[in-house]
Structure formats: structure tokens, C-alpha cells
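Just below is one structure, and these are the notes that go with it.
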Amino acid sequence: MELICSHRARMFAEAGRPEDELRVMAEFFREWLRPRLEDGRYFGFLVEESGAVVAGIGLMLIDWPPHFLHPTSSQRGYVLNVFVEKEHRGRAIATELMFLAEQEFARRGVSYLVLHASEQGRPVYEKLGWRNTTEMCKKLAEA
């Protein structure tokens, strides 16, 4: 759990998110992640080299109504927390993690996948056939 939390914080820090935002996110993410790791709703892969973890990817199934993009399935696969240690980048590790993710989702019968890409990650995903969608978002004031 701590490794996933660290990767997530470092991923967002490298994308330019302010430290104060990351601190708050990290506190709530850890508590969100704990039960999902325990019951398997959050799953994924880690890459080790010489006994040290050098990369990771998180995966989830999202309950979603059948849609014209996946008319026979009520789930979407969600990819998150893709992170490769700086000194290991440029060696196609993220690409291999994405292949593993696709295989795992296919094994689970999920054929439509989504993710939110950083500017650094976008070229990797595009080379693998991922495309932009028409999704929009809006943040409401917190109660």
C-alpha cells in the first residue's frame, strides 16, 4: 500500500501538482486504497529489478451501464497510477505494464478500457492505440 501511495504522489508531483494538494490527496487516498487492496477491487502489477520495485500499474473495474462502445458489458476497465522510476524510463516498462493490464482485463471479460493520461504518458498510450474521448468534467463546490 505504501509503495502505491508513494508512486501516486510522485506521479502527480512530476505532473506539476502543488505539494499542499498532494498532501491532502495522499491522506484520503491511503484510506480509500486500504479496503480496495484487501478485497481485490484494486489490483495491478509491479515490476521488480534486482529485488527493488521499479514500476507499477493499478487496475480497477468500474460499474458502467451498457454503452454503444461496450453494449454487452456493464463494466469498464480503469487504468491508474502508472509509474516508472526515473532511472528506468525509456526501456518500454510502461508499455509492458499496459500489455499486462490489457491481458488481465481481457481475462476478466472486460473489453473497454479508460485512463486519464499525463502529458508524459500520453505518447505511450497513443502508440498502443489509445485515443482521446469526448469526456468532460466539472468540479462542484465541496459540501
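Where a number appears in this text, it was derived from the coordinates with a stated rule and is not lab data. Keep in mind the model is a prediction, meaning the values are calculated, not measured. Positions of Cβ are backbone-derived with ideal geometry, glycine not excepted, and every protein chain shown enters the neighbour counts.
Worth a mention:
- Global form of region 54-143, assessed from the alpha-carbon gyration tensor, a/c cut-off 1.5: oblate
- Cα gyration tensor shape for region 83-132, rounded if a/c is under 1.5, else prolate or oblate: oblate
- Dividing the summed -39500 (n - 2.57) terms of all DSSP H runs of n ≥ 4 by the residue count of the chain sets its mean residue ellipticity at 222 nm at -12500 deg cm²/dmol.
- In percent, rounded to a whole number, the relative contact order of the chain is 19, using alpha-carbon pairs under 8 Å and six or more apart.
- If the chain linking residue 118 and residue 138 were pulled fully straight, counting 0.36 nm for each residue of separation and taking away their Cα-Cα distance, it would gain 5.4 nm.
- Model label sites at residue 68 and residue 14, defined 7 Å from Cα along the beta-carbon direction, differ in position by 3.7 nm.
- Sequence of 84, 114 once ranked by neighbouring C-beta atoms within 10 Å, starting from the fewest: 114, 84
- Close amide H partners of residue 54, meaning residues 5 or more places away or on another chain with modelled amide H under 5 Å apart, are 47, 48, 49.
- Backbone geometry of region 17-29 corresponds, through the Karplus equation with coefficients 6.51, -1.76 and 1.60 at θ = phi - 60°, to 3J(HN,Hα) couplings of 6, x, 4, 5, 5, 5, 4, 5, 4, 4, 4, 6, 5 Hz, x marking Gly and Pro.
- Amide H contacts for residue 112 (H built 1.01 Å from N in the peptide plane; partners 5 or more residues away or on another chain; cut-off under 5 Å): 77.
- Counted by neighbouring Cβ atoms within 10 Å, the residues 138, 86 run from fewest to most as 138, 86.
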